[in-house]
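Trainee: First the structure, which I've put down as C-alpha cells, then a few questions once you've had a look.
The values are calculated or read from the model by the stated rules, or taken from the named source; none is laboratory data. As the structure is a prediction and not an experimental result, all values here were calculated from the model. For accessibility, only protein heavy atoms count, side chains too; no ligands or nucleic acids. Shrake-Rupley method; radii C 1.70, N 1.55, O 1.52, S 1.80 Å.
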Amino acid sequence: MNPATPSPTFTHPLDPARFSGTVDGRPTALYVLRNASGAMVAITNLGAKVLQIVVPDRHGVLDDVALGYDSLADVLTGSPSMGAFVGRYAGRIGGARFTQGGVEHRLTPNSGAHCIHGGPRGARHRAFDATQTDAQTLVLRHRFLTAEDDFPGTLDLQLTYRLTDDNALVIDHLATALDEPGPASFTSHIYFNLDGVTEGQTIDGHVLQVPQANDVLGTGDDGIATGERFSLNGHVLDLRSATTLGTLPDIDLSYPLEAHTGSDARLCAQVHSEASGRTLDVWTTEPLLQVYTAGQLGVAAKPDVGKQGVRHRPRCAVCLEPQWFPNAPNCPTLPQNVVSPGQPYRGTTIYRFGVKR
C-alpha cells in the first residue's frame, strides 16, 4: 500500500490517517491520485469508493465536486453507495432471487424483499487489495465468492482508476470467472456536484443531456425493472436534449443506450453548471446509463453528514452510472451479461472534466 499525502494546492484535502483501519480483518487506507495541473482524486479501498474529486472551475479555482466522507468511521456509518464501485450486480434484483440454467439462486435481501447492488456482502462493503502504481494510477482487486454473496461462481475483479493529465478519471474493470458462469454488472456510484460540496448546494442549476438513449426501462413496485421499455417521445424525463435539472422531478431511471458495435467507449452523458462553468462528459462501453438525482439521500431520521460537516440532502448531487441491465437475470427480454470461464467481462467508464467559458 502507498497512501498519499494531502495536496498543498487545495485547502480541504482528506487526511489519509483517518482512513487507516481494518474491515473484516483487512486493512483500509486512502489513496490520492494527482496530475500535473493540480487535479486530485481521493479513493479508499473500502468499496473502492471515490470520496473526493478536485478540479478547476472556469477561473481556474480548484474545488471538490464529489460527495464523500471525512473518515473511515463515517464511511462505515454513511450511505454505502457513496462513491462506491458497485458489484457484483448493480441495481435491484427482484425478490432477491433468479434462475440460471434451471437452478434457482436465492440472494440475501437488503432492500425490502429485494437485493440491491450486490447485496450486504457486495463490493460496496468489502476492503479491496490495493496498489498505487504511480501518482496517477490505483489498481484494486477483489474476489467474489458464492459463500459470501450467494451469486453463482467465483469471480475475480481487477479495477483500475487512472487520473489523466487532461482531468479525466478513467475506470477500467476486468472480471474473470474462475469456475462456473454467473451474472455480473458493475458501475461507479460517484455523487457529483459541479458547483462544489457545500451546505444547501443542489444540482438544480445543472444542465444534463443523455444523447444516446431513445427509451427507458419500465419498472414495477419498488423500482424493479419489468423487462418492458417505453419510448422517450413525450416522456417527462426525455433527456435527449440538454435540460436543466431544476425543471424536472427526481430521477432514478434506467436509460438503455443505442446499440454500439465497437469496443471503444462512447459518449453517453454530458452535464454542466452555468454557475461554476465546470463540465462533465461521461464515456462508457456499458450498454445502459442509470441516472439518479439523489432524491432519497439524507431523508432518514439520522442525518447523513459528509466532508466538513456538510449534511447530505435530496438533490444535492447527480449520479451517472453506466452498467448492464438491472434485474436482467429475471427478465429474459433484456440483454444478459453472464461471465463464463474463458470469457472475461471488460468495461471502461470515463468521467472527463472541463470548463465552459
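Trainee: For a test of the definition: using alpha carbon positions, the gyration tensor, and the 1.5 limit on a/c, classify region 1-96 as rounded, prolate or oblate.
Mentor: Judged from the Cα gyration tensor, region 1-96 comes out oblate (a/c at least 1.5, b/c at or above a/b).
Trainee: Determine the relative contact order of the chain: mean sequence separation of Cα pairs under 8 Å and six or more apart, normalised by residue count, in whole percent.
Mentor: 18
Trainee: Now for a separate question. Can you return the lysines within cross-link range of residue 49? Criterion is Cα-Cα under 19 Å, with same-chain partners fewer than 8 residues away left out.
Mentor: Within the straight-line cut-off, residue 49 pairs with 307.
Trainee: Where a Cα-Cα gap under 19 Å defines reach, which aspartates and glutamates qualify for residue 302, not counting those fewer than 8 residues away within the same chain?
Mentor: Straight-distance partners of residue 302: 70, 74, 199.
Trainee: Roughly speaking, to the nearest percent, how much of the chain's 1.4 Å accessible area is carbon and sulfur?
Mentor: Exposed carbon and sulfur together represent 50 percent of the surface.
Trainee: Can you bin region 273-357 into rounded, prolate or oblate? Criterion: square roots of the alpha carbon gyration tensor eigenvalues sorted a ≥ b ≥ c, rounded for a/c under 1.5, prolate for a/b above b/c, oblate for the rest.
Mentor: oblate
Trainee: Oh, and also: For region 183-188, in order, what is each residue's ³J(HN,Hα) by Karplus, 6.51 cos²θ - 1.76 cosθ + 1.60 with θ = phi - 60°, in whole Hz (x at glycine and Pro)?
Mentor: Listing the rounded values in order: x, 8, 7, 10, 7, 9 Hz.
Trainee: If a/c stays under 1.5 just call it rounded; otherwise compare a/b with b/c (prolate if a/b is bigger, oblate if not). Do that for region 102-208, with a ≥ b ≥ c from the square roots of the Cα gyration tensor eigenvalues.
Mentor: oblate
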